[in-house]
Structure formats: structure tokens, C-alpha cells
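The values are calculated or read from the model by the stated rules, or taken from the named source; none is laboratory data. Values in this document were obtained by computation on a predicted structure and should not be read as measured data. Quick reminder, even Gly has a Cβ in these numbers, built from the backbone with ideal geometry, and neighbours come from all protein chains shown. Heads up: the accessible areas ignore ligands, DNA and RNA and are worked out on the full protein's heavy atoms, side chains in. Shrake-Rupley method; radii C 1.70, N 1.55, O 1.52, S 1.80 Å.
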Amino acid sequence: MPKHYRPPGKKKEGNAAKYITRTKAIHYLQINLSTFRRLCILKGVFPREPKKKVEGNHKTYYHMKDIMFLAHDPLLEKFRDIRAYDRKVKKAIAKKNKDLATRLLTRKPSYTLDRLIRERYPQFIDALRDLDDCLTMVHLFASLPAVESERVQVKRIHNCRRLSHEWQAYISQTHRLRKTFISVKGIYYQAEVEGQKITWLTPHALQQVLTDDVDFNVMLTFLEFYETLLAFVNFKLYHSRNVKYPPILDPRLEALAADLYALSRYVAASSRSAQLKPNDISSGPEQAEVKEASTADESDLRLAQLQHQLPANEPGALMNLVEDASSENEDDEETRECKSLFKNLKIFLSREVPREALLFIIPAFGGTVSWDGDGAPFREADESITHQIVDRPTQGHIFLSREYVQPQWVFDCVNARIILPTNSYMVGRVPPPHLSPFVDNEAEGYVPEYAETIKRLQAAAKKQLLPMPGMDNRDLDDAQNLLVEGIIDRTEANEAAEKKRKMAIREKQYHDELKLELQGITYSATLSNKDVQSSVEDKVVDASFPDPEQIVEDTRNMSQVVMSRKKRKLYEAMRIGDGRKKAQINLYKQRKKKADQASK
């Protein structure tokens, strides 16, 4: 018998002991598939891919430690209690005992996910890193219609809308927004909070249609966790600004669907009151009055807080925080730049433009904004308005003191960080291409024409001198090295080599003439020997300057000789990728050329 012989059916080891299939995990936990899937989503447990799949490649495997982690979680017992309670309710309804069923429904057991948030995210920075999908999901459900058949309830949609507006109000008032881009899917945003870049997608303000291809049970489970996570993040961020959470909004603005504007007012008022608190000293009778007021009705408390905290309805002070010297010093250079982009601009939004997106973006970059409707801080007839965002060809009344631009002008100004000229964005004109700020044009190898225009405008705004195009402040001496590194193509390398060759010929001719002049030889005698020596000099110069293409080929062959097979295949794959990128760039240039010819 071998030394390490183990009889069949005894203790397992290796992959068979480390991993377990989903079916066996469900039997081990004694729950159904939907409850197991829900528990895994809430706890953050995902399938694993073992190196050796013991029971076949067609099965889903989980780590045994994760399953034991789920087995000892208190949430599992809570799910079992809820399932047993649902059976009692169904039994009462089947026996037509409506009183018992109603009484049972009022005492249904519930649970919270606060413990899971603290467990999965020990530090606040961990929650910020995992906030991209959370914000995208919450903004998606905030725009969906309520469908009872899919268990998408009105209460949950209102909660998602409230959480998304609270997040946007914080980002807007602290000027943390960095990039934005309009696409077919929706509007992309990128903010920077405590050094972490957070990117999310919001759908367009259109009527959303629910499809049958999506399992809303799984999405609602993710949404249940994301709602709790975003509430924790908003709580932490608001308290870092000394603002009470959850916020108390103006009922009039809340009824007019101006939630984001009402939240901006609340944040501004709370920040102002937090700055004034250290200077106020409360006496004994005043504290007694506060204690008596705490026993008042909730509606009276809301009205009292709104009356004392909210500022007056002034056009310029509603959408901005109080300027404080300490906060100015704490902001970094990028935040100060974003805060002053639309600083002296007063923008009015027409009815046809995306109001929520612009109400979020313009105050985030220091602008003052209003809209056409009730609850707006100022009206369309205000003479101090500098820009009006419109998206229709004709206007009923045109004010000569302001500029009428399309909504794309705001997004392009934000990405360029300068106020772009409004000539290309005027009403009735085809606007320039909307470039994505998430694409690095230099890395892709193709810089659009409008991107070059924006670069020149940025350099002019900063009073900088741009380098010579195509050279990047490099000298002609390293043209062959640039070709080897792949920075320039062969045509540019040949031109640089030819220029260098001609300069060398002229320099050598100049030195020879100086030597002959010192020796006392006349200029006519020099011309007679010039034709004879020219061919020899050309051969010498050509010998001193080899072909750049040959240099590149020799360098590539020498480097491939010392490579291993794995690295050689990787290098060939990189070359194939570079070739595809160049083909795509040539396609862009051909399309641009055809478009220019068609426009002529």
C-alpha cells in the first residue's frame, strides 16, 4: 500500500477541498437559488475559476471559505425567518382569514444592511473606489417608470432620485466635477473626491421603456445594497462640510420638481450657518426655548429651520457657497480653476434644453443659472444675463445684451477649461464635433482638427508659445532615434535625414573654402576641381549617413534575436496592434478628406 494512500470517500484535499459547485453550496446552506444569489450579491461573494475543475467545465465554482463565510452570517437566518413568515401570510390568505393576514403583514420582519457596509468597506476611501457602478445604477433607476409587475416601486424610485440629487448637490457646491461627455447611452461625468476619480453615467431625460431581456430581481438586489452605500457616502460627505444629513428641503421647490436647486440652497445655507456658529454664544433661556421647540410638530420644525437657515431669494447668492479664506487655501489648484470658469457668467436655460444636467454642471464651475419656470431665482427678462442656452432655431424675443448658444457649448467649455468662442455654437449652426475628454489623442496617434484649435486657444489664454508642429521640441539630430522609437514615420525620418545631409555638405564645403583661402589658392582653381571632387564627396557623405530604414530593420532584427519565444510573440502582437491603429488613423484621415471635399 502506498505511503499516502487515502481510501475513497474520506477527507478531500487540493482543488476538490478548496472549491465547491453552486448546487452543492445551495444544498449545504439549505436555501433556494434566488436567496443564494441575493446573499452572494449583498456579501460580495463571486464565482471563482479553479485551475482544475474537478466536476467538469460546465459548472460554476465557489471558494469553500466564501461559502463558510455565508453560512455564519446573521443575514442568512433573517432570510429564513422572512421566508417562513411569508408562508404564514400565504396560509392565512388561503384560509380567507383577512384579519390575520393584515396583522401579519404589519409585523413582517425586516433587516438593514448597515453592518454589511461597515464590513465590506472598513475605510471611507474603499467606499469611494467602489462608487462608479453604485452611482450609475442609482441614476438609472431614478429615471425609470414605476412598474408593479417588475417590483419597481414608486417609493424606491423617489429614494434613488433623492440620493442622486444629494450626491450632485455636494459635487456641484464643492466644485469637484472634472469631466463630462454626451454620448448615445447618456451623459458621462467624472468627479474627484478625496483624490479618487469617480466616473458614472446618467441616462438622458427621455421616457424609459423596460425590456424583458433584463432580470430585474438581480438588479433590484444590487440596488438595495447600492442605496445603503450611497446613503452612507452622502452622510460622510455632508458631515465633512458641517451640513446636517438628511437635508431638509423647501417644500415649495420640492413640489415644483426643483430638488437639485433646493439641495444647493440647503448646502449653501448650512455652510453659512456652520461658519457663524463659533461667533454665537447661546444663553440659558435660549437653550430652554430650544428644548421647548424640540417637542413641537415636525412640520413646524421644518418651517422654522427653513426660515432661519435659508438665504433670501437673491439672484446672485443662491447657487454659491459663502467665500471663506480658509476654504480657499484648502482647495487645490484644479479646484480653484474649476470654481472660476463660469464665475462672472449668468446663464439662463430655455425650456427645451436638458435642465437637470446643466443645473448640475454650471454651478459646479462657478456660474449662476436659472430656468424658465416657477421657483427660478431670476427671470428671462433680466438684463444681467450674459448667455442663454437654447436648442431651437427661432426665438420669440431676442435680447441684444446676451449671447444665444447651444447646450454643447457648456460641455465643451468644461472639458477645455476655457470659455470657447460662441461663433461656432450659435443657434441654427452645426456645432463642431463633441470630443471626448476620456480619450488621449496623443496616445491614439490621431489628433482631431478641433482638438488642435482648442490647444491653440488654451495656449493663447495662458499666454504660452506652442512648439513647432510635428517635432515636440526635439532636434533634427535624433531623427533616426525617433524613427526607431516609433514616434515619427519613415517619410518624416527621410526628410530629416536629407536635411541633415545637405547641411553637412554645406558645412564641409565652407570649411574647405576657408582652408583654400588660407593657403592662397584662387576661387577659379577651386571651381575646376569642384566637379571632380563632388562625386567623391557625395559617396563619402552617403557612407557617413546610412539609410534610416535599414537602421530600423537592423535594430528590430537584433532585438528579436535575443528575445525568447514568448517575448517575440508578444512583440509581434504589439506590432499587429500598432498596424491596426495606423490603419484606423488612415481611415480617419480619408473620412476627413472626403468630408472636406463634400463640403466644398
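Of all the residues that make up the range 190-230, how many are within 11 Å of the chain's Cα centre (by Cα) and touching a residue at least 24 places away in the same chain (Cβ under 8 Å)?
The qualifying residues number 8.
Among the residues of the range 370-410, which ones are outside any loop (DSSP other than H, G, I, E, B) and of a type in the set (Val, Ile, Thr)?
Of the residues in the range 370-410, the ones outside any loop (DSSP other than H, G, I, E, B) are 370-371, 387-389, 403-405, 408-410.
Residues satisfying the conditions are ILE389, VAL405, VAL410.
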Checklist line | Test for LEU587: is it more than 31 Å from the chain's Cα centre (by Cα) and modelled with pLDDT of 75 or more | finding: no
Next item on the list: Looking only at the range 377-427, count how many residues are of a type in the set (S, T, N, Q) and touching a residue at least 60 places away in the same chain (Cβ under 8 Å).
Entry: 3
Next item on the list: List the helices (runs of 4 or more DSSP H) that sit entirely inside the range 411-497 and contain at least 2 residues that are in contact with a Lys or Arg (Cβ under 8 Å, 6 or more places away or on another chain) and modelled with pLDDT of 80 or more.
Entry: 449-462
Note to self: Just to check your reading of the model, which residue among SER164, SER240, SER183 is closer than 20 Å to PHE411 by Cβ, open to solvent by 20 Å² or more (accessible area, probe 1.4 Å) and either more than 16 Å from the chain's Cα centre (by Cα) or of a type in the set (Gly, Ala, Ser) (or both)?
What the structure shows: SER183
Margin query: Take the residues in the range 374-408 that are more than 29 Å from the chain's Cα centre (by Cα), surrounded by 12 or more Cβ atoms within 10 Å (Cβ to Cβ) and among the acidic types (Asp, Glu); name whichever of them is nearest to LEU349 (Cα to Cα).
Written below: GLU380
Notebook entry, point to check: How many residues does the range 331-354 contain that are under 18 Å from GLN190 (Cα atoms) and open to solvent by less than 10 Å² (accessible area, probe 1.4 Å)?
Noted result: 2
Checklist line | Whichever residue in the range 199-257 is closer than 30 Å to SER34 by Cα, touching a strand residue (DSSP E or B) at 6+ places or on another chain (Cβ under 9 Å) and part of a loop (DSSP other than H, G, I, E, B) and, among such residues, is modelled with the lowest pLDDT | finding: LEU210
Item checked: Top-ranked residue of the range 81-94 - restricted to ones that are in contact with a helix residue (DSSP H, G or I) (Cβ under 9 Å, 6 or more places away or on another chain) and exposed (fewer than 13 other Cβ atoms within 10 Å of the Cβ), ranked as farthest from ASN32 (Cα to Cα) -> LYS90
Check: Using beta carbons and a limit of 9 Å, which pairs, at least six apart or on different chains, have the first residue in the range 35-57 and on the phi < 0 side of the Ramachandran plot and touching a residue at least 60 places away in the same chain (Cβ under 8 Å) and the second one surrounded by 17 or more Cβ atoms within 10 Å (Cβ to Cβ) and among the hydroxyl-bearing types (Ser, Thr, Tyr)?
Finding: ARG37/THR221; ARG38/THR221; ILE41/THR221; LEU42/THR221
Next item on the list: Kindly list, by first and then second residue, each pair from a residue in the range 76-103 that is closer than 30 Å to LYS43 by Cβ to a residue that is open to solvent by 100 Å² or more (accessible area, probe 1.4 Å), limited to pairs with Cβ atoms under 6 Å and residues at least 6 apart or on different chains.
Entry: none
Check: Would you pick out the residues in the range 43-65 that are closer than 15 Å to TYR28 by Cβ, of a type outside the set (Phe, Trp, Tyr) and open to solvent by less than 30 Å² (accessible area, probe 1.4 Å)?
Finding: VAL45
